[in-house]
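Only the coordinates and a few stated rules stand behind these numbers; no lab work does. All values reported here derive from a predicted model rather than from experimental measurement. So basically every Cβ, Gly included, is an ideal-geometry build from the backbone, and we count neighbours across all protein chains shown.
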Amino acid sequence: MNRSLAPVEFVSDLPSVRIRFPDGKEATLSSGTSAAEALRDWDGEGAKAALAASWNGVAIDLATPLRSDGALAPLTFEDRVGRDILQHSSAHLVAKGLVENIPEARPTHGPPTEDGFYYDFDVRPLTPSDLDAVRAAMERSIRARESFVRRELTRSEAEKLFATNPHKLRYISEVPEGETVSVYDTGTFTDLCRGPHVPTTEWLAGVHILGFSAITPEDATAPALQRIRGIGFPTRAQLDAYLKMRAEAEARDHRVLGAKLELFTFVDEAPGFPIWLPNGMIVVHELERFVREHLVAAGYSEIRTPLMFAQSVYETSGHWEHYRDDMFLTEVEGRTFGWKPMNCPGSMLIFRSRARSYRELPMRLAEFAPLHRLEASGTLHGLTRVREFVQDDAHIFVTEEQAEPEIRTLLDWIGRAFATFRLEWSCELSTRPAKFLGAPEVWDKAEATLERVLRASGVRYRVSPGEGGFYAPKIDIHIRDSLGRPWQTGTIQLDYQMPLRFGLEYQGPDGQLHTPVVVHRTILGTWERFVGVLLEHVAGRLPPWLAPLQVRAIPVTEKHAPAALGLVEELRAQGLRADAVGTEESLSKRVRNAEVSRMPYIVVLGDKEVAEGSVALRVRGSRESRSLSRPEFLAYVSERVRKRDFDA
Ligand SMILES: [Zn+2]
Ligand SMILES: [Zn+2]
């Protein structure tokens with residue numbers, strides 16, 4: 001593919017520059033060599049796929065001449081930054097297309113987002129046919145392989161160029177004195193921009209407009225803007241794969257499935273607070289039961305601590321300083337209380353409630369209490385982003401030596417837990433952030449422990465420098481669902497700070513007082529998020545042990561109804577969830593309804609079955625039914641539910 005680069009003019013005092021590459025290789029090149037040429041020369045990992053470059057940690061155009069010694073790395077679509085550059089470049093292309101069709105449209109800004117990009121325009125209300133025209137213009141530009149060419153202007157040149165666009169004039173006025181103003185030309189279209197961008201429009205072959213909407217500006221007196229949203233990919237094939245995945249994801253949207261299966265709902269009067277319906281509570285209770293079995297086997301105790309604590313508790317824990325903005329606060333009798341965003345403080349207070357001995361350690365305290373976090377209303381999303389939730393949370397108080405074996409046990413449990421749901425998982429080790437509590441040496445020690453356990457366990461993991469919590473480094477658990485989408489669930493944090501801040505002590509075998517270390521951990525994460533992810537993962541076909549109803553008995557005619565009811569009673573006596581339906585509707589309609597509700601097991605009882613004491617069993621996902629005696633059927637279903645087999 002010919003990805004031609006813009007011609008670059010340069011002047012340099014140095015005859016040559018020394019460039020370092022990510023693999024440690026170095027090259028001496030003549031000064032003014034472009035980043036593209038330097039990467040081509042090097043030809044290391046990512047060089048061919050580079051759409052921009054990182055120069056001493058700053059993203060630059062591939063056409064940028066290198067005029068000093070420094071570190072150069074390729075940026076590709078696989079990198080977050082590279083991806084953002086391609087999204088933002090796509091936004092330019094949209095602006096170009098719109099201005100070609102509506103010359104009086106005034107572009108404002110076009111940033112990348114979490115999942116694509118948008119561009120806001122000061123323009124008359126748009127119509128679907130405007131978007132068609134934009135799409136056609138974009139196609140033309142992509143075929144013409146137009147370059148993104150950077151020009152640097154003086155302030156007055158820039159002001160002249162954008163004289164008719166007050167938005168751009170405001171941006172120009174905001175450029176700090178002494179900094180250059182840059183514009184990028186793409187064909188005949190020029191946009192004010194800091195850059196960088198992809199080299200040519202050929203890189204935007206997989207661009208796709210998702211839609212448009214009117215945007216109310218923050219300043220209510222300003223005119224409404226029109227926002228065009230889209231997403232970009234380097235190739236058409238990548239776009240097609242994305243659109244296919246998106247259609248599949250939409251069909252599995254947990255908000256839709258949650259309503260259809262009557263699991264949960266939301267009301268405007270409590271935004272972000274899930275309302276669990278009877279069916280949903282069954283799922284939550286089964287998950288709790290699953291987790292509790294592990295807790296019992298692994299020597300945990302369960303506790304319940306207050307939902308609210310006075311401000312002073314959070315001052316001690318550090319939440320007041322670092323997390324206050326994300327907490328719900330309440331005034332009671334002149335004191336400020338905070339709704340707990342995490343269970344840690346309550347567990348610390350229990351540990352501190354009396355003198356402790358080393359013989360009590362490890363002390364494992366689990367708590368399934370509702371937690372509250374003040375998520376911005378714009379970010380709320382079904383069950384995956386909520387303001388009230390319950391975690392499979394626990395705090396493990398250990399001696400320093402006990403931390404490692406304890407975390408090893410946790411990784412084993414994670415493996416078994418996610419295998420039960422057929423979810424792939426991996427770990428991310430997040431280390432000391434810019435704002436942190438305690439001494440750096442202690443952080444180093446905790447980070448080293450976590451990394452040692454990860455390495456020894458053979459688990460897949462990567463390191464995210466600076467992404468740890470403010471009080472501890474952590475291992476975040478990431479899962480991948482059946483559509484290949486990543487989700488973060490649980491976390492394991494190794495904390496030396498909070499026990500110190502709460503003044504926790506235990507008497508060691510030496511008779512002296514020592515400070516314990518705390519492992520904070522959740523594995524499945526929150527019930528809310530986990531149920532949301534799981535519903536999409538299985539497209540609503542919950543495994544039988546989690547299904548709100550496991551068996552539906554369908555009598556062929558009214559005279560078979562007593563046999564159906566008798567079977568339901570037998571199933572219920574064994575702790576299984578079953579119901580029987582009446583005979584008002586046709587048999588095929590009733591079978592169809594049971595299928596639509598994703599019932600794991602459907603049994604039909606007619607003359608033959610009643611006479612033989614058998615059932616005609618239809619397992620979810622199968623078109624055939626088979627005959628089983630009633631005891632066989634009961635044993636079959638009980639066994640699968642007890643073993644938490646994945647599907648019917
Ligand atoms: Zn730009
Ligand atoms: Zn905690």
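Between the beta carbons of Asn593 and Ser16, assuming R0 = 60 Å, the FRET efficiency works out to 0.20 to the nearest 0.05.
Given axes a ≥ b ≥ c from the Cα gyration tensor, I'd like to know whether the chain is rounded (a/c under 1.5), prolate (a/b larger than b/c) or oblate.
Details: a/c = 2.09, a/b = 1.39, b/c = 1.51.
The shape class here is oblate.
Think of each Lys and Arg Cβ as +1 and each Asp and Glu Cβ as -1; about the Cα centre, that makes the dipole of the chain roughly 1440 debye. Cross-link partners among lysines for Lys160, C-alpha distance below 23 Å, same-chain residues fewer than 8 apart left out? In chain and number order, the partners are Lys96, Lys168. Farthest towards the positive end of the charge dipole of the chain, among the residues Leu576, Gly57, Ile209, is the Cα of Leu576, using unit charges on the Cβ of Lys, Arg, Asp and Glu.
Taking loop as defined by DSSP and a crowding limit of 16 other beta carbons within 10 Å, which GluC sites (Glu not before Pro) in region 63-113 fit? Before the final figure, lay out each step's value.
Working: sites: Glu78, Glu100, Glu104; in loops: Glu78, Glu104.
Taking region 63-113 and a limit of 16 other Cβ atoms within 10 Å, the loop GluC sites (Glu not before Pro) found are Glu78, Glu104.
Pairs of Cα atoms nearer than 8 Å and 6+ residues apart set the relative contact order; for region 16-76 it is 42 percent. Only one residue of Gly258, Gly346, Asn165 has its Cα farthest out toward the positive end of the dipole of the chain, where Lys and Arg carry +1 and Asp and Glu -1 on Cβ, and that residue is Gly258.
Kindly provide the trypsin sites (Lys or Arg not before Pro) of region 301-401 that DSSP labels as loop, not H, G, I, E or B, and whose Cβ sees at most 12 other Cβ atoms within 10 Å. Filter output for region 301-401: Arg304, Arg354. Excluding same-chain neighbours fewer than eight residues apart, the lysines reachable from Lys25 by a Cα-Cα span under 25 Å are Lys48. Which residue, Pro631, Leu361, Val518, has the largest displacement toward the positive end of the dipole of the chain when charges sit on each Cβ (Lys, Arg +1; Asp, Glu -1)? Going by the Cα projections, it comes out as Pro631. If you plug the beta carbon distance of Met281 and Glu505 into 1/(1 + (r/R0)^6) with R0 = 35 Å, you get a FRET efficiency near 0.30.
Note on Met138, Met327: ascending count of other Cβ atoms within 10 Å places them as Met327, Met138, the fewest first.
Here region 606-648 is treated with +1 on each Lys and Arg Cβ and -1 on each Asp and Glu Cβ, and its dipole about the Cα centre works out to around 240 debye.
Relative to one another, the C-alpha centroids of region 487-556 and region 631-648 are positioned 26 Å apart.
The overall shape of region 551-642, judged from the alpha-carbon gyration tensor, is rounded, with an a/c ratio under 1.5.
Here the simple spin-label model places points 7 Å from the Cα toward Cβ, and for Ile303 and Glu639 these points are separated by 4.3 nm. In this calculation the C-beta distance from Ser173 to Ala369 is compared with R0 = 56 Å, giving a FRET efficiency of 0.65.
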